[in-house]
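Participant: One structure follows; several queries about it will come next.
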Amino acid sequence: MPRPSPSSPPSVDPVRLTPRRVREIGSRLLEWYDREKRDLPWRRTSDPYAILVSEFMLQQTQVATAIPYYTRFLKEFPTVQALASAPEQEVLRLWAGLGYYSRARNLRATANRIVEAHGGKVPDSVAELLFLPGVGSYMAGAVASIAHGIVAAAVDGNVIRVLSRLFRLKKDPSGPRVRRELEDLDMALVPRDRPGDFNQAMMELGARVCAPAAPDCPACPLRTVCEAAREGNPTDYPFKPRRAETVEVEESCAMVRRGERYLVTQRPGQTGRYRSMWEFPHIEVAKGGKTARRAKQTLGTYLADQFGIEVRVEEEWAEIRHQVTHHKIRKRVFRCSVGEGEGRAENDEPKVEETPVRWLTLEEIAALPLAAPQKRILELLKDAESFFGG
DNA sequence: AAGGCGGGGAC
DNA sequence: GTCCCAGCCTT
């Protein structure tokens, strides 16, 4: 049997899963976890509903970001019944600013399903959990293991990284196939007596020690059983697929004031960003050429066509920059003036039925579900009003 | 299999 | 600036 020559293409190292190595990984990791685990709100409860809420919030969201939202949310909806019977707008309002608003809608739908079909109890099997809206492979395993002590794999971004380094896995983990292999591998590692703690420990290790850019190998409880650490190149793992290029987007936003009230509208549609959330009217502006002038024109036309409101677009009043996934957005906020008797009087009938329009005070607007950039505009307006004395 | 979905933390 | 986060759903 010839040895592979140095020039042969790299192949995936065979994963060696001796019972001894499995035991060692489990015991070292749990020992570390028992010593180092953070005191997090959802670790102070054994209520499966609360744990379910935390898992929804923690999707693509860092622990520190989620904590204040989690606390508020459970205070408002302490039981699955309370959430199931809440209006969607109310759920969205508590989620506003956290992003990925489908999570909020799915969580509410899941609460509904749990009350209707599971007698108000969060299911304890992975198969049943997978039927719930917004619950995928990771969450089903996380909830089953953490809330119910079921032996299940829970493979998130942290676990992908830890496993890839432990076993020097070179394959792209973003596809479902390799993902499935990772789940099988993880499943073989989960200690039968403490599945929930093991899964949390893997994630905590990934977040605090086995970090993406600067892993702290000397502090790692698994350094003696980690192939990448031995090789000295942990940051070579996991394989990273090419990222989408950043796209720049220009938007115009209308600040239309009438006395104490401002024009706001509800985002229409069954799909798409921010649906059913509220905003100061805004629209994307085609780029190129004299963008600034086009931004004004586009906005005036939009207000007239969409809402039947004739305004004069005045000066640019503020500029908001933010980034969502691979979109880099610049939002120019224009002050707009409405002539006396123009626009509409108190009974606003938009031309487009499904696009509600309201004239509201800043206080009333603050009570609506607003995405983060809209909250920022609202804060700017509040500051301006207090500055000018209202 | 690929793209959409928001926002923020860490560097 | 960059990367990536306790992912999931739709097409």
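Participant: What accessible area per residue comes out for region A:247-388, rounded to a whole number of Å², with a 1.4 Å probe?
Facilitator: That works out to 53 Å² for each residue.
Participant: Among the GluC sites (Glu not before Pro) within region A:269-322, which fall in a DSSP loop and have no more than 15 other Cβ atoms within 10 Å of their own Cβ?
Facilitator: For GluC sites (Glu not before Pro) across region A:269-322 that sit outside H, G, I, E and B with at most 15 neighbouring Cβ atoms in 10 Å, the list reads A:Glu310.
Participant: Counting only other residues whose beta carbon sits under 12 Å from that of A:Leu98, what net charge do I get with K and R as +1, D and E as -1?
Facilitator: Once positives and negatives cancel, what remains is +4.
Participant: Looking at the square roots a ≥ b ≥ c of the eigenvalues of the Cα gyration tensor of chain A, which shape do they give, rounded for a/c under 1.5, prolate if a/b is larger than b/c, or oblate?
Facilitator: Judged from the Cα gyration tensor, chain A comes out prolate (a/c at least 1.5, a/b above b/c).
Participant: Tell me the trypsin sites (Lys or Arg not before Pro) within region A:128-172 that lie in a loop according to DSSP and have at most 16 other beta-carbon atoms within 10 Å.
Facilitator: When the trypsin sites (Lys or Arg not before Pro) of region A:128-172 are filtered for loop state and at most 16 Cβ neighbours within 10 Å, A:Lys170, A:Lys171 remain.
Participant: Give me the one-decimal nm value for the distance between modelled label points at A:Leu380 and A:Asp124, 7 Å along each residue's Cα-to-Cβ direction.
Facilitator: So the two model labels end up 5.3 nm from each other.
Participant: For region A:19-236, give the magnitude of the charge dipole about the Cα centre (Cβ charges: +1 Lys/Arg, -1 Asp/Glu; no others), in debye to the nearest 20.
Facilitator: That gives a dipole near 280 debye.
Participant: Starting from the amide H of A:Gln59, placed 1.01 Å from N in the peptide plane, find each other amide H under 5 Å away whose residue is 5 or more places distant or on another chain.
Facilitator: Excluding prolines and chain starts, which carry no amide H, there are no hits.
Participant: Using the crude model of +1 on Lys and Arg Cβ and -1 on Asp and Glu Cβ, and no other charge, please compute the dipole size for region A:90-201 relative to its Cα centre, in debye to 20.
Facilitator: For this selection, approximately 400 debye.
Participant: Using helices alone, I'd like the mean residue ellipticity at 222 nm for chain A: each DSSP H run of four-plus residues gives -39500 (n - 2.57), total over residue count, nearest 500.
Facilitator: Value at 222 nm, helices only: -13500 deg cm²/dmol.
Participant: Using only Cα atoms and rounding to the nearest 10 degrees, what angle (0 to 90) does helix A:291-307 make with the longest principal axis of chain A?
Facilitator: Approximately 80 degrees, to the nearest 10.
Participant: Which of the listed residues, A:Ile283, A:Ala147, A:Ala366, is farthest toward the dipole's positive end in chain A, when Lys, Arg count +1 and Asp, Glu count -1 at the beta-carbon?
Facilitator: Among A:Ile283, A:Ala147, A:Ala366, the one farthest towards the positive end of the dipole of chain A is A:Ala147.
Participant: Same structure again: Using Cα atoms only, what is the angle between the long axis of helix A:176-189 and the major principal axis of chain A, expressed in degrees (0 to 90) to the nearest 10?
Facilitator: On a 0 to 90 degree scale, this one is about 50.
Participant: Counting only other residues whose beta carbon sits under 14 Å from that of A:Ser85, what net charge do I get with K and R as +1, D and E as -1?
Facilitator: Net charge in that neighbourhood comes out at -2.
Participant: Specify the residue with the greatest mean-square fluctuation among A:Lys290, A:Lys375, A:Lys328, computed from a Gaussian network of chain A linking alpha-carbon atoms under 10 Å apart.
Facilitator: Checking each option, the largest mean-square fluctuation is seen for A:Lys290.
Participant: Right, next: Could you compute the net charge surrounding A:Pro133? Neighbours are other residues with a C-beta less than 12 Å from the C-beta of A:Pro133; K and R count +1, D and E count -1.
Facilitator: It works out to a net charge of +4.
Participant: Let me know the shape class of region A:119-170, please: from the alpha-carbon gyration tensor, a ≥ b ≥ c as square roots of the eigenvalues, rounded when a/c is under 1.5, otherwise prolate if a/b is greater than b/c, or oblate.
Facilitator: prolate
Participant: Here's a follow-up. Among A:Cys220, A:Tyr33, A:Gly97, whose Cα projects farthest towards the positive end of the dipole of chain A, with charges put on the beta-carbon of Lys, Arg (+1) and Asp, Glu (-1)?
Facilitator: Of the candidates, A:Cys220 comes out farthest on the positive side.
Participant: Which residue, chosen from A:Phe239, A:Trp317, A:Ser337, occupies the Cα position most advanced towards the positive end of the dipole of region A:228-345, where the dipole is computed from +1 (Lys, Arg) and -1 (Asp, Glu) charges on Cβ about the Cα centre?
Facilitator: Working it through, the farthest residue towards the positive pole turns out to be A:Phe239.
Participant: Whenever you get a sec, compute what percent of the accessible area on chain A sits on carbon and sulfur atoms (1.4 Å probe).
Facilitator: Roughly 50 percent, rounded to a whole number.
Participant: Let me ask something else about it. Would you pull out the residues with amide H under 5 Å of A:Met277's amide H, same chain only if 5 or more places away, H placed 1.01 Å from N?
Facilitator: Under 5 Å from the amide H of A:Met277 lie the amide H atoms of A:Arg267, each far enough along the sequence or on another chain.
Participant: Full-extension gain between A:Glu231 and A:Arg261, please, as 0.36 nm times their residue separation minus the C-alpha to C-alpha distance.
Facilitator: Here the answer is 4.4 nm.
Participant: Shape verdict for region A:247-388, please, from the Cα gyration tensor: rounded (a/c under 1.5), prolate (a/b greater than b/c) or oblate.
Facilitator: Rounded.
Participant: With both bridge residues required to lie in chain A, what share of the DSSP beta bridges run antiparallel, to the nearest 5%?
Facilitator: Here the antiparallel bridges make up roughly 65 percent for chain A.
Participant: Find the accessible area per residue for region A:19-236; the probe is 1.4 Å, ligands and nucleic acids are left out, and the unit is Å².
Facilitator: Dividing the accessible area of region A:19-236 by its residue count gives 45 Å².
Participant: Rounding to the nearest 20 debye, state how big the charge dipole of chain A is about its Cα centre with +1 on each Lys and Arg Cβ and -1 on each Asp and Glu Cβ.
Facilitator: 1420 debye
The values are calculated or read from the model by the stated rules, or taken from the named source; none is laboratory data. As the structure is a prediction and not an experimental result, all values here were calculated from the model. Cβ atoms come from the backbone with ideal geometry, glycine included; neighbour counts cover every protein chain shown. To get the accessible areas, we keep the full protein, side chains included, count just its heavy atoms, and leave off ligands, DNA and RNA. Shrake-Rupley method; radii C 1.70, N 1.55, O 1.52, S 1.80 Å.
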